Amino acid sequence: MNKINNIISVDRFLSIWIFIYTIAYILKIVPYNPIFLLGIAIVFFAFGLLITIYNLNDKSLLLYYFVINFIGKIVPFFLIINNKFTNDDIVFTLYFILLYVIYMQIINDDIICVYIDYMLFIIDRDKGREGALYNYIKKSGLYV
């Protein structure tokens, strides 16, 4: 496998979609409250955090995983937690996730494989596939 195929592009991660939408919501560009999307993302983050801690080793990227997810999920969650939400927001959440699933089908990528590969990488940076964001941060010299 060549190096470029060993990197998971950012568009493969639902949490990136959620983060971008949340920023747009905070800036009042889009109308639907993403609190439920962030809640789902936080549950998956917590699950991934437990898996990483359980399998922790000297090649794990626990700090990276925690910081990126804290900034991308926890902080936005608390920024909008007090905003009003409606049934339309719940319906939007379902459509948003459905759109992601359809997108992943169109690009012919397996959601489960993407996340398993990524978690394997977080647990041991010599396994799985690294995320594009990590690759960018690593190349910039901000994180080793």
Positions within region 90-123 being in contact with a Leu (Cβ under 9 Å, 6 or more places away or on another chain) and of a type in the set (D, E, K, R), in sequence order: none
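Return the total of residues in region 44-66 being under 16 Å from the mean Cα position of the chain (by Cα), surrounded by 12 or more Cβ atoms within 10 Å (Cβ to Cβ) and of a type in the set (A, V, I, L, M). Outline the logic, then answer.
First, the residues of region 44-66 that are under 16 Å from the mean Cα position of the chain (by Cα): 44-52, 61-66.
Right, trim to surrounded by 12 or more Cβ atoms within 10 Å (Cβ to Cβ) and you get 44-46, 48-49, 51-52, 61-62, 64-66.
Among the residues that remain, those that are also of a type in the set (A, V, I, L, M) are: 46, 49, 51, 61-62.
The qualifying residues number 5.
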Return only the number of the condition from (1) out of contact with any Ser or Thr (no Cβ under 7 Å at 6 or more places or on another chain); (2) part of a helix (DSSP H, G or I); (3) hydrophobic (A, V, I, L, M, F, W, C) that PHE85 does not satisfy. (2)
Given the conditions (1) closer than 22 Å to ILE7 by Cα; (2) of a type in the set (Val, Ile, Thr); (3) surrounded by fewer than 14 Cβ atoms within 10 Å (Cβ to Cβ), report the number of the one that ILE137 does not fulfil. (3)
Test for ILE68: is it of a type in the set (Val, Ile, Thr) and under 18 Å from ILE23 (Cα atoms): yes
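Quick grid of which residues meet (1) at pLDDT 95 or above; (2) within 18 Å of LEU133 (Cα to Cα); (3) aliphatic (A, V, I, L, M):
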position: ILE16; (1), (2), (3): yes, yes, yes
position: LEU94; (1), (2), (3): yes, no, yes
position: TYR100; (1), (2), (3): yes, no, no
position: ILE107; (1), (2), (3): yes, no, yes
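The values are calculated or read from the model by the stated rules, or taken from the named source; none is laboratory data. Quick caveat, the model's predicted, so the values are computed rather than measured. Cβ atoms come from the backbone with ideal geometry, glycine included; neighbour counts cover every protein chain shown.
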